[in-house]
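The values are calculated or read from the model by the stated rules, or taken from the named source; none is laboratory data. Nothing here was measured: the structure is a model prediction, and the numbers come from that model. All Cβ positions, even for glycine, are placed from backbone atoms using ideal geometry, and neighbour counts span all protein chains on display.
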Amino acid sequence: MKAKKLIHQDNKGVENIRKDLKRIKPLLVNMLTGYEALEMGSFSGKVFQEIKKGGLRNMEQKYLRNMESQIKKAGITSSLIKANLIKGSNEIFQKFKDDVQNVISFRNYYRGFNDNTPFLKLEMIDYVGGSFMITEETEAKFIEQHCKVYLATDQENKIYDAANKFMDGFKELQAELEAVGYRGTMNVNSIAEYFFHANDGQYNLKPHSIKSAIEQDIIYKQRLKEFGSREQKRAQAAKDRQERLK
């Protein structure tokens, strides 16, 4: 088996996910603000990793334990006050959960027509140095997975070589047809239909197609000349009529 062979690379997908990040970033910032409102410490890469792994339940339990501890330290004994404080704390955490859900469910990405590059996934985003970003390592992995096309097997290499030979032959045929003034459409389907019979998946050359292709330009020019002669005769006849009417 041959080693992998790179036959195509298009880094447009990287530009797409960078644009995706710009679209989702306001929601990420809202999430960060919501977390810091919990007063559980500064938002960090570690916190973001926990969120991405679905660790909200653990965060919530830690948050509520912290609130209960603060209530005890404050010496609050009234059940009503405790209940109101816990209710308020739950509302703050629910706001944070909603912010996280908005990030997770965000789908407002855009791709142009025939652009099949994947959308940005949450796990591709990191929080580094106070910013949400796509790291170079993540971009490199994305390029390898989604922007490069490799041939990996002998069969793939054979088909690739055969397809290139077919394209070379087609280009040569196009050049010959252009040289003789072929008037048909110059795409693969049209040329195949003009020159070949298709029968049960087998293609055979139409015997008369070669001369017909060569004669197209000759016939066209002849008809154009005949048309011009007729137009000249009509113009002359009209001129003669005008002269007689004077």
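Filtering the stretch 53-75 down to residues that are of a type in the set (A, V, I, L, M, F, W, C) and either modelled with pLDDT of 70 or more or within 20 Å of GLY34 (Cα to Cα) (or both), which residue is farthest from the chain's Cα centre (by Cα)? Per the criteria, the residue is MET67. Checking each residue in the stretch 122-139 for being surrounded by 12 or more Cβ atoms within 10 Å (Cβ to Cβ) and without any contact (Cβ under 8 Å) to a residue 60 or more places away in the chain picks out THR135, THR138. Screening HIS8 against (1) surrounded by 11 or more Cβ atoms within 10 Å (Cβ to Cβ); (2) out of contact with any helix residue (DSSP H, G or I) (no Cβ under 6 Å at 6 or more places or on another chain); (3) closer than 29 Å to CYS147 by Cβ; (4) in contact (Cβ under 8 Å) with a residue 40 or more places away in the chain leaves a single unmet condition, (1).
Which one is surrounded by the fewest Cβ atoms within 10 Å (Cβ to Cβ) among residues in the stretch 28-41 that are within 13 Å of LYS95 (Cα to Cα) and within 28 Å of the chain's Cα centre (by Cα)? My answer is ASN30.
Between GLU60, GLU15, which is within 28 Å of GLU144 (Cβ to Cβ), surrounded by fewer than 19 Cβ atoms within 10 Å (Cβ to Cβ) and of a type in the set (Asp, Glu)?
Values: GLU60 fails: within 28 Å of GLU144 (Cβ to Cβ).
Exactly one of GLU60, GLU15 is within 28 Å of GLU144 (Cβ to Cβ), surrounded by fewer than 19 Cβ atoms within 10 Å (Cβ to Cβ) and of a type in the set (Asp, Glu), namely GLU15.
Among the residues making up the stretch 178-195, those that are of a type outside the set (D, E, K, R) and farther than 28 Å from ILE7 by Cβ are ALA179, VAL180, GLY181, TYR182, GLY184, THR185, TYR194, PHE195.
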